[in-house]
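Each reported figure results from applying straightforward, stated rules to the coordinates on display, with no laboratory input. From a predicted model like this one, the values you see are computed outputs, not experimental measurements. Heads up, the Cβs are rebuilt from the backbone with ideal geometry, glycines too, and the neighbour counts pull from every protein chain shown.
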Amino acid sequence: MANKQDNNTPKINFPGMGRSFEEITQDLDQASAKDAKWMDGKTFSLVFYAGEEVDKVAKHAYKAFAYENGLNPTAFPSLRKFETEVVAFSADLMNGDSETVGNMTSGGTESILCAVKAAKTYALKQNPNVKPEIVVPQSAHPAFDKACYYFGINLIHVPVDPTTFRADVQAMEKEINENTIMIVGSAPAYPQGVVDPIEELGQLAVKHNILMHVDACVGGYMLPWVEALGYNVPKFDFRVPGVTSMSMDLHKYGYTAKGASVVLYKNAELRKSQYFVYTGWPGGIYASPAVAGTRPGGSIAAAWAVLNFLGKDGYMQKAKEVMDAAMKVRKAVESIEGIEILGNPHMCVMAIGSDKLPIYTIGDELSLKGWHIDRQQNPESLHLTISWGNVKAMDQFVTDLQEAVAKTKKPSLHKITSKATVGVVKGLAKVLSEEQMTKLTQMLSKMGGAGLPKRTAAMYGMMGALPNQGDLDQLILNMLDGLNRPEVPRKEKA
Ligand SMILES: *Cc1c(COP(=O)(O)O)cnc(C)c1O
């Protein structure tokens, strides 16, 4: 029953008569009416906004190059200039040297796919008999799982230190064998916002003569400013011996338009292992640097424009405001009895946990107050990615958090309203809509795994109570499939 597929796809016909610009723009506005209202600063991690001026620059550049194609740099020297300069700026920021090279990609996931693919090709060139394996801390982003799944690589997850949440270097070393081609550290890792011990991991990579990727997707365009502001940031970039590749997302703390990230390599030899060439195609000799074929000029141009518009001083100013707000939130959380910040986050990404109070219930209360806040598992926590667009709302957040905790402490108020349930459910997975998640909740409770809680605050608790992981994977796959079909129109009330 759990695996039964809902195949109810409404048929939608191709538009017949074309419609007017006015009608289309009206529809666009209407369609966005139910979207997260991120402009109010109450949405975390999905959107990075740096104010009206940056917005103007990014959109102008994006629009001007919306049709240009980064696939062929000889046809568009403009895009070649933008991309190579963005890569050079990024290499400079990461303390690369004259040998450091890289590419722009569509996002962190593509940057990581590229680095993993390059590692595999590079390792196979050195030893055709290697059965590639990669060792990552459990906190590493699922993009590594995706890459290994796509490229047929064995991925080994190693639990992180249970109190600091940083990679356990000794435990990782135990997993290194003759098939290991690469190890990974994050700067910082997304779940608790802590930077892994990159220097120690680098020593491992050197000792075992393997590659090492530093995933600075969320920290690459933030940590350098945080360090310059005087905060303690462990060395995480090309200054560290052993680091051979890095990923850093422009569309996060670079505040550029979506669809922009950078992958960097220690040298051109490594990067060549990322490239793809096929010379036998009747369509001509085909060569492509990254995963995508056609590459959007808009996001490349917007990234170049925003980096130049803000410059070091602009980013420093934004970073200072963000860190001031993040420290305020952190101090407030630490002063609220019953909840805590997990580990010692190195920038403005952090997790709020509790070993006394039901943290998801606190999350429900925050959802009721309009906050879009992610729930995490192992351990249970709420996740904050504070960026410039959130700064103005952080005082309100502290007030709302205090209230939410106070309310959760009152036993009579442990009961959760159905609206709050939707809030929890919604926070569960960024990819699933409210309706889909409500359905999922219903399906799960019907399955009745042992010890399923009656109320659904602990959605993760329910999932944990499922008989096996395969059922859960299948459920999520079915939901995802449903999400990639048009929404079933709601019946009009007569
Ligand atoms: C966001 C993120 C990624 C993936 O980036 P996308 O742009 O979402 O593909 C990878 N690693 C970390 C640490 C991230 O925060």
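Quick rundown of the values:
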| item | result |
| --- | --- |
| Inter-label distance, nm, simple model (7 Å from Cα along the C-beta direction), LYS63/MET316 | 3.3 nm |
| GLU23/LEU229 FRET efficiency (R0 60 Å; Cβ-Cβ; nearest 0.05) | 0.75 |
| Dipole magnitude of the chain about its Cα centre (Cβ charges: Lys, Arg +1; Asp, Glu -1), debye to nearest 20 | 1020 debye |
| The stretch 133-233: relative contact order in percent, alpha carbon pairs under 8 Å with at least 6 residues between | 26 percent |
| Inter-probe distance in nm under a simple model that places probes 7 Å from Cα toward Cβ, at VAL130 and ASP473 | 2.6 nm |
| Average Cα contact separation per residue, the stretch 264-341, under 8 Å, 6 or more apart, as relative contact order % | 13 percent |
| Charge-dipole axis of the chain as Lys and Arg at +1 and Asp and Glu at -1 on Cβ define it, positive-most pick from PRO345, ILE12, PHE397 | ILE12 |
| DSSP-defined antiparallel bridges as percent of all bridges, the chain, nearest 5 | 60 percent |
| Long-range Cα-Cα pairs in the stretch 53-107 (distance over 15 Å), rounded percent | 58 percent |
| Structure-based [θ]222 nm, the chain - -39500 (n - 2.57) summed over DSSP H runs of at least 4, per residue, nearest 500 | -13500 deg cm²/dmol |
| FRET E, pair ALA171, GLU269, Förster distance 30 Å, beta-carbon r, rounded to 0.05 | 0.45 |
| Rg followed by Dmax, in Å, when the chain is reduced to its Cα trace | 23.4, 72 |
| Protection proxy ranking, peptides 125-138, 215-228, average beta carbon neighbours within 10 Å, highest first | 215-228, 125-138 |
| Over 19 Å between alpha carbons, listed pairs LYS369/LYS392; LYS235/LYS266; LYS235/LYS392; LYS120/LYS266 | LYS235/LYS392 |
| Gain on full stretching of the segment that runs from TYR49 to GLU334 - 0.36 nm per residue minus C-alpha separation | 99.9 nm |
| Charged-residue dipole, Cβ positions (Lys, Arg, Asp, Glu), the stretch 44-134 about Cα centre, Debye nearest 20 | 420 debye |
